[in-house]
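Have a look at the structure below, then the notes.
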Amino acid sequence: MDEWKETGLRYAAAGTSCMCASCCTNPVEVTKVRIQLEGELTRQSAIKAYKERYYKGLFQGLVRVAKDEGIKGLYKGLTPSLIREAIYSTLRFGSYEPIKKLYGATDPTRTSLIIKLAAGATSGALGSWIANPMDIVRIRLQGDGKLLPGQQPRYRGFLHAVSDIAKTEGLRGLYRGTVPTVQRAMILTAAQVPTYDHTKHSILNGGWMAEGIKLHFVSSMGAGFTTAFATSPVDVIKTRIMNQKIKGVAKDEILYRGSLDCLLKILRSEGFYGLYKGFFSNWLRLGPHTCISLLIFEQLRCLAGIHPI
């Protein structure tokens, strides 16, 4: 197959697989964002904060959102989420192997883990930086919970959110939180794709499984857990910074001045627990998302006549 054609098909398969996964996991994403924002900078013990939660864990949170806002509430932010995946995941999945080769990988079965981690971090950073505006819009739409009587939603929908942020906060507003977003993407992609890649080839080299769906499933589930554990703290920081209100807020009253400021404030007010708010939701989103996206990605590659990862 022509190299350019193979590259184009690989990028198309990357974006398509992750958009399919995003459709399946959006309700979990909404619940995770709500849990991460709940009790923001409230000075109370972790035990008390845990007991007084409105969204009491993933499953009760899903039910609460559905009861308060209907099924539509579980799919808030789906449009920017799909656009984000079409940009972000197309680049991070599609660019992983070319960057890996650029860094010196010659044999996919014997490539060192360091090269894989570096390739994953690089492709993740590239995709997340370009897709940052869609991440901002997604989080703000998903962060709006049940409205009180007479209260108006922050944004009427996707287009209103984009235009309002651009008009009131400018280009800088659409790229707010870029640093924690890129940090998260570097950690996520470095944990996700290389863990899948390394686990899969370790199993193949050990002769424990043959190439196929069973191997892809086992490798992707392991990658999902590793990714959730590694990214949860920076994911909370990213969500808080992107969701904070800027419109009509004095400069000296802005809640977070950056990633480090957000980290320190969370630790002071909420303790270490605050950095892992929504971990279970994050894992149950990233696990299936990783599994679905990588399984579909591998199957689409097979259909297109491209070698597996």
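The values are calculated or read from the model by the stated rules, or taken from the named source; none is laboratory data. All values derive from a computational prediction rather than experimental measurement. Positions of Cβ are generated from backbone atoms using ideal geometry, with glycine treated the same way; all protein chains shown enter the neighbour counts.
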Original post:
Just for helices (runs of 4 or more DSSP H) wholly inside region 1-101: which have at least 3 residues that are over 30 Å from Y273 (Cα atoms) and touching a Gly at 6+ places or on another chain (Cβ under 9 Å)?
Top reply: 3-37
Original post:
How many residues are touching a helix residue (DSSP H, G or I) at 6+ places or on another chain (Cβ under 7 Å) and without any contact (Cβ under 8 Å) to a residue 24 or more places away in the chain when one looks only at region 123-160?
Top reply: 2
Subject >> Filter result for the condition that a residue is out of contact with any strand residue (DSSP E or B) (no Cβ under 6 Å at 6 or more places or on another chain), modelled with pLDDT under 90 and at negative phi, over R140, R110 >> reply: R110
Original post:
Can you pull out the residues in region 36-65 that are at pLDDT below 90, in contact with a helix residue (DSSP H, G or I) (Cβ under 8 Å, 6 or more places away or on another chain) and of a type in the set (V, I, T)?
Top reply: T42
**OP:** Would you check if there is a residue in region 199-208 being touching a helix residue (DSSP H, G or I) at 6+ places or on another chain (Cβ under 8 Å), buried (at least 18 other Cβ atoms within 10 Å of the Cβ) and under 14 Å from N282 (Cα atoms)?
**Re:** no
**OP:** Look at region 247-273 and say how many of its residues are in contact (Cβ under 8 Å) with a residue 60 or more places away in the chain and either outside any helix (DSSP H, G or I) or among the small types (G, A, S) (or both).
**Re:** 6
**OP:** Please verify whether region 286-306 includes one or more residues that are crowded, with 19+ Cβ neighbours inside 10 Å, out of contact with any Lys or Arg (no Cβ under 7 Å at 6 or more places or on another chain), within 30 Å of G94 (Cβ to Cβ) and among the acidic types (D, E).
**Re:** yes
Original post:
Which members of region 139-177 meet the condition of being surrounded by 16 or more Cβ atoms within 10 Å (Cβ to Cβ), farther than 21 Å from G258 by Cβ and of a type outside the set (A, V, I, L, M, F, W, C)?
Top reply: Q142, D144, G145, R154, Y155, D164
